[in-house]
Ligand SMILES: Nc1ncnc2c1ncn2[C@@H]1O[C@H](COP(=O)(O)OP(=O)(O)OP(=O)(O)O)[C@@H](O)[C@H]1O
Ligand SMILES: [Mg+2]
């Protein structure tokens, strides 16, 4: 669609957590370092929080990629939707760790897991449980997580657990009934949104990875508007930039200025206004209109021949 117009190899602002596009701020570097340190040093329970869309799942995907690459000795269970009952939760973890077999009872799964952890310990293998969206854990599963933190030898935690979620996770862990679990947290980190300079670099990096040698499609003022609206949250940046590229393409603009970004933002906010191109303020309509403008131009050219 707009990729050819801007000479891009692919769309730069997709909202999937693709680690290829990772932009590592100091904040992300520290978060990743906490995760790796927690796993390597067998710290037990690590908690990472961050606002909606700040890149928590992207961080986990980056961690998984890194662990797979450099560390064949780590086995990982990754729970990305913790809305399960406790029996299914344990069954899922066992299956993800490769402990296949028929559906087992909760007790059988715990026994199986414990044996696997002890064997792994004997073979110097590390076992990690990652729970994404952990703010959604209900009390029953939180208790299950607490019991899992008890799987240990006299000197070592057998299972490294990472809870990662939105700030509600902190509220959840602050509840009095979660005190026993909270006391077991060894490492904790909060992922912040990007600052203005990072937002600019983030946009450029994505454009560069998508194939641009000179990634200056967005003007300084456009970046200012993007930052103001997104507050440095990568998912919001991606949505505004993707829509702005579509609108820029529709309007035949090789450079995206602040006006296009403002139009996109008011459209995203559900405000329908007349754009300076004289049609309803919707990129899709402009896209269609651009096609018809091209068609008319082609027709005129053919008539002049
Ligand atoms: N550091 C980053 N580098 C590159 N892209 C990022 C980064 N952080 C986030 N993104 C992008 O922002 C979008 C949202 O990221 P992600 O899904 O990881 O956020 P999240 O914090 O897990 O959100 P939620 O709170 O909804 O679970 C994705 O498109 C992702 O690629
Ligand atoms: Mg996520």
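The values are calculated or read from the model by the stated rules, or taken from the named source; none is laboratory data. Here the structure is a predicted model, which is why all the values come from computation and not from measurement. Backbone-built Cβ (ideal geometry, glycine too); neighbour counts: all protein chains shown.
Please find, among 152, 171, the residue that is assigned by TED's automatic domain parsing to the domain that holds residue 73, within 16 Å of ligand 1 (Cβ to nearest atom) and more than 19 Å from the chain's Cα centre (by Cα). Steps first, please.
Working: 152 fails: within 16 Å of ligand 1 (Cβ to nearest atom).
Among 152, 171, only 171 is assigned by TED's automatic domain parsing to the domain that holds residue 73, within 16 Å of ligand 1 (Cβ to nearest atom) and more than 19 Å from the chain's Cα centre (by Cα).
Results for (1) within 30 Å of residue 252 (Cα to Cα); (2) modelled with pLDDT of 95 or more, shown as yes or no for each residue.
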{"residue": "1", "(1), (2)": "yes, no"}
{"residue": "19", "(1), (2)": "no, no"}
{"residue": "28", "(1), (2)": "no, no"}
{"residue": "54", "(1), (2)": "no, yes"}
{"residue": "69", "(1), (2)": "no, no"}
{"residue": "81", "(1), (2)": "no, no"}
{"residue": "98", "(1), (2)": "no, no"}
{"residue": "106", "(1), (2)": "no, no"}
{"residue": "109", "(1), (2)": "no, no"}
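Quick check on the stretch 68-98: of everything there that is assigned to a helix (DSSP H, G or I) and touching a residue at least 40 places away in the same chain (Cβ under 8 Å), which residue is nearest to ligand 2 (Cβ to nearest atom)?
First, pick out the residues of the stretch 68-98 that are assigned to a helix (DSSP H, G or I): 68-70, 86-96.
Then keep just the ones that are touching a residue at least 40 places away in the same chain (Cβ under 8 Å); that gives 86, 89-90.
Working: 86: 23, 89: 19, 90: 23 Å.
Once the filter is applied, the top-ranked residue is 89.
Within 14 Å of ligand 1 (Cβ to nearest atom), buried (at least 16 other Cβ atoms within 10 Å of the Cβ) and either in contact (Cβ under 8 Å) with a residue 60 or more places away in the chain or not assigned by TED's automatic domain parsing to the domain that holds residue 153 (or both), is that true of residue 62? Talk me through it step by step, then tell me what you get.
Working: within 14 Å of ligand 1 (Cβ to nearest atom): yes; buried (at least 16 other Cβ atoms within 10 Å of the Cβ): yes; either in contact (Cβ under 8 Å) with a residue 60 or more places away in the chain or not assigned by TED's automatic domain parsing to the domain that holds residue 153 (or both): no.
Here the answer is no, as residue 62 does not meet what is asked.
Quick one: which strands (runs of 3 or more DSSP E) lie wholly within the stretch 122-208 and hold at least 3 residues that are within 16 Å of ligand 2 (Cβ to nearest atom)?
Correct list: 160-165, 185-191.
Only one of these conditions is not met by residue 42: (1) surrounded by fewer than 19 Cβ atoms within 10 Å (Cβ to Cβ); (2) more than 10 Å from ligand 1 (Cβ to nearest atom); (3) part of a helix (DSSP H, G or I); (4) touching a residue at least 40 places away in the same chain (Cβ under 8 Å). Which number is it?
Of the numbered conditions (1) surrounded by fewer than 19 Cβ atoms within 10 Å (Cβ to Cβ); (2) more than 10 Å from ligand 1 (Cβ to nearest atom); (3) part of a helix (DSSP H, G or I); (4) touching a residue at least 40 places away in the same chain (Cβ under 8 Å), the odd one out for residue 42 is (3).
Inspect all residues belonging to the stretch 46-55 and state whether any of them is more than 13 Å from ligand 2 (Cβ to nearest atom) and touching a residue at least 12 places away in the same chain (Cβ under 8 Å).
Keep residues of the stretch 46-55 that are more than 13 Å from ligand 2 (Cβ to nearest atom), which gives 46-47.
Among the residues that remain, those that are also touching a residue at least 12 places away in the same chain (Cβ under 8 Å) are: 46-47.
The answer is yes, given that some residue of the stretch 46-55 is more than 13 Å from ligand 2 (Cβ to nearest atom) and touching a residue at least 12 places away in the same chain (Cβ under 8 Å).
Exactly one of (1) more than 16 Å from ligand 2 (Cβ to nearest atom); (2) more than 30 Å from residue 229 (Cβ to Cβ) is unmet by residue 30. Its number?
(2)
Could we say that residue 229 is surrounded by 18 or more Cβ atoms within 10 Å (Cβ to Cβ) and assigned to a helix (DSSP H, G or I) here? Quick ask: steps written out before the conclusion?
On the way: surrounded by 18 or more Cβ atoms within 10 Å (Cβ to Cβ): yes; assigned to a helix (DSSP H, G or I): yes.
Yes.
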